[in-house]
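Only the coordinates and a few stated rules stand behind these numbers; no lab work does. Note that the structure is predicted; figures quoted are calculated from it, not measured. Quick reminder, even Gly has a Cβ in these numbers, built from the backbone with ideal geometry, and neighbours come from all protein chains shown.
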Amino acid sequence: MSRVRMIAAVVSCIFLCSCVVVNKTETVQVPEGQESAEAAPASAPETAPPAAQAAQDPVEKAFADMVAYDYDKERACLSVIEDYCNSTAADPAKRKAVSERLAAILGTDATTACKDFVCRQLREIGDAEAVPALEKLLAAPEAGPGAASPGDMARYALERMPCPEAGDALRNALNAAQGKTRIGIINSLGERGDAQSVPQLAALADDADADASSAAVAALGKIGNAEAAAKLKQLKDACIGAARPLVIDSYLLCADRLAAAGDKVAAAAIYDDMFCPCEAAHVQIAALQGIVNCRGEMSVPLISKLLAGDDPNLFPTAARYVVDMPGQQATKAFADQLPKLSPAAQAALLGALSERKDTSATPAVIEATKSKSLMVRNAALQALVPLAGASGVPIMVKALGSEESAERNTALSCLKTAQGEMVDAAIVAAIPGADAGRKVALIQVIADRNCSAAAPILLWSAQDADKKVRIAAFDALSMVAGPEAMGDVLALFMKSEGAEQRAAETSLVNAAKQISDQDARVAPILAELANAQPKTRCALLRAAGRLGGAKALESVRAALKSDDEETRETALRVLSEWPDAAPAEELLQLAKNAPDLPKKVLALRGYVRVVGLPSERSAAETLALFAKGMEVAERPEERRMVLSGVADVSNSAALKMVEPYLADKDLSTEAAFALVKIAKNVSADDKDAAKAAVTKVLEVSKSESVRKQAQEVREIIEKYEDFITSWLVAGPYLKEGKDGKALFDMAFPPETSEAKSEKWTSQKVGTDQNRPWMIDLNATIGGDQRCAYLLTKVYSPKAQEVNLEMGSDDGIKVWLNGAVVHANNASRGMNPGEDKVKVALNEGWNCLLMKITDGGGDWSACARIRGVDGGKVEGLKIESQGATELLSFSPDTFLDCWQVSGPYMQEGKTGQEIFDVAFPPEQADAKGVEWNDQDVGEGNKPWLINLDASIGGDDRAAYLRTRIHSPKEQDAQLEVGSDDGIKVWLNGVEVHSNKAVRPTTAWEDKVKISLKEGWNDLLLKVVDYKDNWSACARVRAADGGPLPDIKCDCQGGLK
Amino acid sequence: MHRKGNVSRRQFLTAAASAAFAPYIVTSNALGKNGTPSASNRIVMGQIGCGGMGNGDMGAFLGNPECQVVACCDVDTSRREDSVKTVNLRYLGNVCKGYNDFREIIARDDIDAVGIATPDHWHAIIAIAAAKAGKDMYCQKPLSLTVREGRVMSDTIKRYGVVFQTGSQQRSGPEFRFGCELVRNERIGKLHTIKTGIGGSPSTGVQPPEPVPPGFDWDMWLGQAPWVPYTRNRTHWNFRWILDYSGGNITDWGAHHNDIAQWGNGTMYTGPIEIEGHGVFPKEGLYNTATEHHTEYLYANGVKLICSNKNKGGVRFEGTEGWVHVDRGFIDAHPKSLLQSEIKPGEVHLYKSPGHYQNFIDCVKSRKETVAPVEIAHRSITLSHLANISMLLDRKLKWNPDKEQFIDDPEATRYLDRARRSPWTL
């Protein structure tokens, strides 16, 4: 321990709350040689800064303030000290000085919260010079419940300080310490791995105080040297009580420490000692792990013994060590042992051998696939996957024929996952010799492995004597066959029939589709048409039809005129299944002129189908085509079919087309279903039409199921209908080198007087069908690190307060009638309604402008208006057209420039009691009052004057002053909010007084005032009772509307 | 007395599972009627921490017929009693007991496994005690409060061979696994940069001390953390914004996204060699975790990981030939065709979990390693702890991931752990 000597130090403490400077003299210890002015500026009377200087230097002021810091106060002074401490990193002398200066505070009567902070700082920067003061705390009496103990705080620093003096201090304090302080010291010595403390801890391990003894036992394990091990062994041998698990744990930990330090012999002796069936399973596991770590390959016999034993609990653990045991010798030993083990042990060992990935075990694993035990055979098959490569394939193939389904399934899954270059080839090679069942399985494996080289064997299998094999081969070919196999597949296709031909058709079509040219892919098929027999011709037409294209269509058209009835009918069917709308007109004509009803129905069904396929056509064109279909349809069945086609057109014009059919008794149900479906799809674009349609369905339809669907759609529309879907958009706006966050407070034209001349374009909301309420700027504008503005107007039938609910990705700033009502410079994803702000709508039209910033990734926004109770607001109208006319800005409508004076209080009086006390600022001669600038705005409340932040405390008053410029004499409305009470003077006359106890709600109190032309002086008194303390104020026109020509200034000319 | 010869339910199940060597199947003799394991053969569980995440975890175990919850622990009496009520209602009987002190649950020989969903500063002490008692556990993320805590947790859990699942459920999400498989199989070429997007923490004003609510054991809630007077915003949920109990959003979400970054980078068992973090910490008010943060990590394999509140949410892997971006329920890639890519036999296939809770239950029975084991969770959360240290010191740090030590940096080393309030220790 370093020598110390006593000097007197003065710590300046300024207690802000009483505005009195208190000097305290304290005796503290400072290491020798550190008493120079540079080293300890606050510790000698001559260097103690005068109060005036302290007030000027932020660090000095923070040192002065911090001694009175408490948990109910702002910690700004602590932050200054933290920053200062950090700044000394490169200057050891400065760091030592500040550490000393902090340590000195521990001996004063600074608050506990302050000392707590000092100890936290010393943990980070303290060194030997701080130890004596901390050591004193270790000797201080323990605090009772509900308070911080000095010992805990001291250890918070000492435990993490690397200097040996910290360890000395802990050891020195140990003998005299009691209770929790003593336990804490023991714990800290353990955590420091303090070998010098072992004799003391060893003695404490026998202490009568069970808590202290337990702590000592734990600490001995953490220190873990030979001396600690000896004591722990002694304890373990003697201990049989409740303390035994802790002793064993510590003993094992001690062995781990010894092993890590290189003394594997001593460690292994402990593990051997603990590896006993008499111990709990997890203790045996821990001991076994230690033995393996210390002895390596030497522990193979032990693991073998475990596997050969009768405790299955230990098999998984033993298997884990098999995996990690190094060397081929170990593999050999385990492989040799395999057949001699119980099935459960064999299964565990096989799993481990497979994880070892040492292929020298493969013969033993192969042998195990012949075991009588199903469990062993399955485990062996699984082990073959990583070990055997292609050589395992024949064994797996053989197992495919097992009588046990579990084994067949294992073999199948092993074949699908087997790894190695030649595995595919081995599987292919196994097919010719396999029976039909295995062939089918192997063909499925090939398809699953997507083995493209297997086409020849599959073509060969497609001619197998067994039909199941042939079908499986065609199915596999449809996955793996390329265009080069097309000729062979076509030949086989023409020979096949029934289910086999359908499978062949798919493989033919899939192979052809890999040729990019549409006519080339179908050419080989069409070439066969001319000479084919009718049955084959029909099959060829079906295949060609699935591929589509002009050439194929030509051939099918020709077939429509064939002499052969079956060919004509097939051609019609193929046409009705055409992959695009090319034959639409043809199908319509066929439907009109069909000789019989079935053909008419078939043609019309085909027509409706192809018209409904995705296309480039406009919705109006598609509807016109359906209308033609409706003309041709005669029976209700066909007309319903057309309606079901119209139902898929997502356009409100489709609603108009369908609605008349609601009145047709034969079609009303189908029409109702169609209306509901269309309404659902168009609800984001045209919610009024959609809502009207489902409302009509609910009035008319008697079908329960359609009514239920209609009700659901109406609820969705109503749920989202308040979201504003009509916006004008301007943007993007960006600035080189500025990210989204930085753009938030940059005023681009749309938020200035140039707003009207910007290009505003109408933008669609709900481009994402699942989020019909969202305007997706990423989709419509795109890009990163930019912003855009959204503008609309809102009609309110009366002046009223409403909630504006918003979501944004990322930041959002909102102006209502030119005044900022919300600002949140967030980085976040879209979450509708995440931000809610109460706003006042004027009667008539209101202008709503939102700025949405993007810091990368998605970029979107949404907003809706709800009542202050969260319910729907009746009578609102929202439209973006003409909203630019309403654009105006009155940035001064909330008063954002203030000076503050205070706090003012009276000893023993509450805030309510001083509400009417006239402090100097409201007295006639207010000269000599000190005024400071006051920040305005916090988080999403740009208008908030936070007095807690600038002054703080409870039961006090502050005054705020500013001046307002009016271009003429006029009546106006002053609107204020306050937490808590507020008084207002305008031009020296009291105009408002409200002794409220409340949180600040924007513009809660409204006061009629008369402004004179030119500058008007405004003075507020805001009184705090408890907790928060804040206010806000703005000036509006007498009718509550915006008053754009008002200016606010507090910088000059204040009286 | 120690429980020599006292085979717990879990050990019984282990025996049954080993005998079948079918990890996911309980032998029929362990089954009750209707295919549900009989009560005596279920995994008997206790839930420690009954807040939002605790109730979520417990709900999953209550819904699983292979589990039986018999104990709930919380230092907030009303939460504890609500959870006990939930359990008893689920089993239609008075079967669940409530505890204020987790040590009483760990001391119960009939309990096989515990769920841990306390505030972060309690994870290590409870998990280490549970491991020493041979209990398996499902422990919420972030794993630890300090690097040292995670190291001791991992070592102790490994020593006793207990099963541990970290509540970083993204590891069981198919989109995250597939995204990492695309990276590990070099579908995006050679990986060079990973970007994780994690928001900043909020700030707040001064929160004056308040009376401790009746039924709330404030001293036990604080546990190892330095004593301070009670105020509600220190506790439920908001504890995570205070460095005494957590590391802010960086640990809260780093436990997810940086964990996936490590998975894709194949560095689950190691860590970066350089860390440079800069952040903004509130200077006032109760909360003191970073409101804005940006940390760049450099790995020995040359890959750079950039974790920032300015990055898009989720994890983006950038390679020489493309990129993959994965987030919850979302995966995108360039080229788009990667999304249709198939991972073939012989390529890197990552651990496929059937669901995070089920994976835990399966592993309790098979004794196999879970998809989010403690060592991996420790390595992942170490990234967040290192970011906080670098930001607090406002400078670059050099790190030896093998030794888990800073290189010649005694100042930073102090931050690797904190002294614990007596009597708590690891």
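Worth pointing out:
- Alpha-carbon spread of the stretch A:724-889, three principal axes, descending order, Å: 45, 35, 24
- In plain terms, the residue of B:Met153, A:Met486 with the fewest other Cβ atoms within 10 Å comes first and the most crowded comes last, giving A:Met486, B:Met153.
- Annotation for the stretch A:222-275 versus the stretch B:399-426: alpha-carbon center distance of 24 Å.
- Residues whose placed amide H lies under 5 Å from that of B:Glu321, excluding near-sequence neighbours: B:Gly189, B:Lys190
- The alpha carbon centroids of the stretch A:894-913 and the stretch A:658-696 are separated by 64 Å.
- Of A:Lys599/A:Lys665; A:Lys551/A:Lys628; A:Lys61/A:Lys741; B:Lys85/B:Lys158; A:Lys677/A:Lys877; B:Lys141/B:Lys195, those spanning more than 23 Å from alpha-carbon to alpha-carbon: A:Lys599/A:Lys665; A:Lys551/A:Lys628; A:Lys61/A:Lys741; B:Lys85/B:Lys158; A:Lys677/A:Lys877
- The average projected area of the stretch B:64-115, computed from the convex hull of its Cα atoms over all directions, is 3.6 nm².
- Phi-based couplings in Hz for the stretch A:78-92 (Karplus 6.51, -1.76, 1.60; Gly and Pro marked x): 5, 4, 4, 5, 4, 4, 5, 4, 4, 5, 8, 3, 8, 10, x
- Ratio of Rg to Rh for the stretch A:275-398: 0.99 [Cα atoms; Kirkwood radius as inverse mean 1/r over pairs].
- The label point for A:Arg568 and the one for A:Glu801, both projected 7 Å from the Cα toward the Cβ, are 8.1 nm apart.
- Computed from label points 7 Å out along Cα-Cβ, the spacing between A:Ala89 and B:Tyr91 is 5.3 nm.
- Relative contact order for the stretch A:174-325, counting Cα pairs under 8 Å that sit 6 or more residues apart, in percent: 14 percent
- Along each principal axis, Cα extent of the stretch A:892-1049, largest first, Å: 46, 37, 25
- Neighbours of A:Val59 by Cβ distance under 12 Å: Lys/Arg scored +1, Asp/Glu scored -1, total -2.
- Here the translational diffusion coefficient of the stretch A:443-514 follows from Stokes-Einstein with Rh set to the Kirkwood radius across Cα pairs; for 37 °C and 0.692 mPa s it amounts to 288 µm²/s.
- Kirkwood Rh, angstrom, the stretch B:93-245 [1 / mean 1/r, Cα pairs]: 18.4 Å
- Within the same chain, lysines fewer than 8 places from A:Lys439 are excluded, and of the rest, those with a Cα less than 29 Å from its Cα are A:Lys370, A:Lys372, A:Lys398, A:Lys416, A:Lys467, A:Lys468, A:Lys495, A:Lys513, B:Lys344.
- Each Lys and Arg Cβ is given +1 and each Asp and Glu Cβ -1; about its Cα centre, chain B then shows a dipole of about 860 debye.
- Estimated FRET transfer efficiency (B:Asp219, A:Gln56; beta-carbon r; R0 51 Å; 0.05): 0.75
- Neighbour counting of Cβ atoms within 10 Å sorts the residues B:Met53, B:Met45, A:Met325, fewest neighbours leading, into B:Met53, A:Met325, B:Met45.
- Per-residue Cβ neighbour rank within 10 angstrom, fewest leading, A:Leu734, B:Leu191: A:Leu734, B:Leu191
- Using a Gaussian network model of chain B in which every pair of alpha carbons under 10 angstrom is joined by a spring, one finds that among B:Gly355, B:Gly314, B:Gly277 the greatest mean-square fluctuation is at B:Gly355.
- Its Cα gyration tensor gives chain B an equivalent ellipsoid, and the semi-axes of that ellipsoid, as √(5λ) in whole Å with the largest first, are 34, 29, 19.
- Average 1/r across all pairs of distinct alpha carbons in the stretch A:337-472, invert it, and you get the Kirkwood radius: 15.2 Å.
- Note on A:Ala226 and A:Gln329: their simple-model spin labels are 2.8 nm apart, each label 7 Å out from Cα toward Cβ.
- Its Cα centre serving as origin, the protein assembly as shown has a Cβ charge dipole (Lys and Arg +1, Asp and Glu -1) of approximately 3920 debye.
- Dipole-positive endmost among A:Pro162, A:Ala383, A:Leu876 within chain A (Cβ charges, Cα centre): A:Ala383
- Rounded D (µm²/s) - the stretch B:236-319, Kirkwood Rh over Cα pairs, Stokes-Einstein at 10 °C, 1.306 mPa s: 115 µm²/s
- Nearest-0.05 FRET efficiency for A:Glu1013 and A:Lys735, computed from C-beta distance (R0 45 Å): 0.65
- Dipole axis of the protein assembly as shown (+1 Lys, Arg; -1 Asp, Glu on Cβ), positive-most option in A:Thr767, B:Ile111, A:Ala481: A:Ala481
- Across the protein assembly as shown, the volume of the C-alpha convex hull divided among the residues equals 214 Å³ per residue.
- Over chain A: helical MRE at 222 nm, DSSP H runs n ≥ 4 each giving -39500 (n - 2.57), nearest 500: -14000 deg cm²/dmol
- Ranking A:Cys451, A:Val706, A:Ile303 by Cα position along the charge dipole of the protein assembly as shown, where only Lys, Arg, Asp and Glu carry charges on their C-beta atoms, puts A:Cys451 farthest toward the positive end.
- For the stretch A:645-707, the relative contact order comes to 35 percent (Cα pairs under 8 Å, sequence separation of at least 6).
- Sites B:Glu321 and A:Ala491, calculated FRET efficiency, Cβ-Cβ separation with R0 45 Å, nearest 0.05: 0.65
- Compactness of the stretch A:515-579 - radius of gyration and Dmax, Cα, Å: 10.6, 34
- Under 25 Å from A:Lys1008, Cα to Cα: lysines that are on another chain or at least 8 residues apart: A:Lys798, A:Lys838, A:Lys941, A:Lys968, A:Lys983, A:Lys995, A:Lys1021, A:Lys1047, A:Lys1055
- Dipole moment magnitude, nearest 20 debye, the stretch A:515-579 about Cα centre, only Lys, Arg, Asp, Glu C-beta charged: 120 debye
- Per-residue ³J(HN,Hα) for the stretch A:792-806, Karplus 6.51 cos²θ - 1.76 cosθ + 1.60, θ = phi - 60°, Hz, x for Gly and Pro: 8, 10, 10, 9, 10, x, 8, 5, 7, 8, 9, 9, 9, 10, 10
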